[in-house]
């Protein structure tokens, strides 16, 4: 067994049920779990590894509930399009990916997330061209040491069958279900503090059939894994569902068995009071992606109404081609500010935004072992120095500074008891050559050239 002691933090933000904040606080970790939390004077004096967090604010690692890591390859394209136009522009470019492109883009995107304070991320990979597999991004996550929820996405409804994506990027439903089963059986780890979990995630109502939605739900529930998809993101999607299925998006997925405490949906911008009540009653979760919703002009999601009704809600950075970044603190800040645009200056506090980014995200992913600094939780935590330029004048409220001020990168990140970011740098990762390779692949894809060897 190994031990880790964090001591002398200027402020320890626990996110425990009482939302306690401990001045001069610290943590004692044994192996990968938190054993003690409290004032430094109340903790063991020594450990195998000791981190003096003097001058820092320490808090639980942030949880990202929706992303498309491969989209780091195609930032800043279709800059003025809404969702459907943006997708039809990008689908042919994404069709040029191969296994290396998926792996390299995942490693870049996860590195960006890790530096932003994210310690647990989900990802929605829903197209698999040229031999790529979900295995490629799971390998990247394992190498970086970040906790990872891989969702085996899918598209089966091509243009020739009335769907939005070109036929070149869809799969047969038999192949989708076969590989979904393979991914669960190989990679899913259901145990507490697990590092990799798998969910099934048909892409959207306009890119898969009702049969695939039903079959995916049946398979997921037979294995005890979760379900994920995009839902009610835009008014175009709402119109598609009304014309194609005769139902609004939420009614459509409910009819297919896609509500419940094992389901979470991305976006849900356009929901009625009745639909919000349904999600609350069934404990159906939502990943809120404010930057992407603004970038694509999709609208402002009713986050305050979700929270008041009891809908599980977390944050997602969404794809790096519709954000166009992967920064969890930036997402928390935007969530707070956007709700104030919708509901006034008191609509959401900094505390509320951080709850979405920690406990909220944990609940959406179905985890009770992350999101707070309490004994028994996974040792996932982050720390920021308080003497940085961006926080000047805000030392009186370190928690508020994290959300109100310019989003910054972490100085320290520990995931599963292992130091993954130290002094602002990812441990054991040489970033420059990774970035160089990523940019070479990106340029080739965008220019429709052969991918570099």
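The values are calculated or read from the model by the stated rules, or taken from the named source; none is laboratory data. Since this is a predicted model, take the numbers as computed values, not measurements. Positions of Cβ are generated from backbone atoms using ideal geometry, with glycine treated the same way; all protein chains shown enter the neighbour counts.
May I ask you to verify whether residue 79 is in the same structural domain as residue 107 (by TED's automatic domain parsing) and farther than 16 Å from residue 412 by Cα? Yes: the conditions hold for residue 79. Quick one: would you say residue 59 is buried (at least 24 other Cβ atoms within 10 Å of the Cβ) and outside any strand (DSSP E or B)? No; evaluated as a whole, the condition is false for this residue. Of all residues in the stretch 26-56, those that are buried (at least 20 other Cβ atoms within 10 Å of the Cβ) and assigned to a strand (DSSP E or B) total 8. Tallying residues that are surrounded by 17 or more Cβ atoms within 10 Å (Cβ to Cβ) and on the phi > 0 side of the Ramachandran plot within the stretch 10-25 yields 1. Within the stretch 400-419, the set of residues being over 30 Å from residue 2 (Cα atoms) and touching a strand residue (DSSP E or B) at 6+ places or on another chain (Cβ under 7 Å) comprises 402, 408.
In the stretch 101-110 there is no residue that is over 21 Å from residue 216 (Cβ atoms), in a loop (DSSP other than H, G, I, E, B) and at pLDDT 95 or above.
Does the stretch 364-386 contain at least one residue that is under 19 Å from the mean Cα position of the chain (by Cα), assigned to a helix (DSSP H, G or I) and more than 27 Å from residue 54 (Cβ to Cβ)? For the stretch 364-386, residues under 19 Å from the mean Cα position of the chain (by Cα), assigned to a helix (DSSP H, G or I) and more than 27 Å from residue 54 (Cβ to Cβ): present. Selection of the stretch 435-447 for residues being out of contact with any helix residue (DSSP H, G or I) (no Cβ under 8 Å at 6 or more places or on another chain) and over 13 Å from residue 75 (Cβ atoms) yields 436, 440, 444, 447. Restricting attention to the stretch 221-250 and to residues that are touching a helix residue (DSSP H, G or I) at 6+ places or on another chain (Cβ under 8 Å), part of a helix (DSSP H, G or I) and without any contact (Cβ under 8 Å) to a residue 60 or more places away in the chain, the residue that is surrounded by the most Cβ atoms within 10 Å (Cβ to Cβ) turns out to be 249. Could you please find all residues in the stretch 155-189 being more than 23 Å from the chain's Cα centre (by Cα) and assigned to a loop (DSSP other than H, G, I, E, B)? Passing the criteria: 156, 157, 158, 162, 163, 164, 165, 166, 170, 171, 172. Of the residues examined, residue 87 is not one that is crowded, with 23+ Cβ neighbours inside 10 Å and in a helix (DSSP H, G or I). Of all positions in the stretch 420-443, at least one carries a residue that is without any contact (Cβ under 8 Å) to a residue 40 or more places away in the chain, touching a strand residue (DSSP E or B) at 6+ places or on another chain (Cβ under 8 Å) and either assigned to a strand (DSSP E or B) or crowded, with 16+ Cβ neighbours inside 10 Å (or both).
Only one entry in 336, 328 is under 24 Å from residue 263 (Cβ atoms) and either within 19 Å of the chain's Cα centre (by Cα) or crowded, with 22+ Cβ neighbours inside 10 Å (or both), namely 328. Could you list, in sequence order, all residues of the stretch 271-306 that are surrounded by fewer than 23 Cβ atoms within 10 Å (Cβ to Cβ), without any contact (Cβ under 8 Å) to a residue 60 or more places away in the chain and not in a helix (DSSP H, G or I)? Selection gives 272, 283, 300. Residues that are farther than 22 Å from residue 15 by Cβ and either touching a residue at least 40 places away in the same chain (Cβ under 8 Å) or part of a helix (DSSP H, G or I) (or both) within the stretch 341-355 comprise 341, 342, 343, listed in sequence order.
Residues checked against (1) in contact with a helix residue (DSSP H, G or I) (Cβ under 9 Å, 6 or more places away or on another chain); (2) farther than 30 Å from residue 441 by Cα:
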{"site": "25", "(1), (2)": "yes, yes"}
{"site": "30", "(1), (2)": "no, yes"}
{"site": "35", "(1), (2)": "no, yes"}
{"site": "48", "(1), (2)": "no, yes"}
{"site": "58", "(1), (2)": "no, yes"}
{"site": "73", "(1), (2)": "yes, no"}
{"site": "84", "(1), (2)": "yes, no"}
{"site": "99", "(1), (2)": "yes, no"}
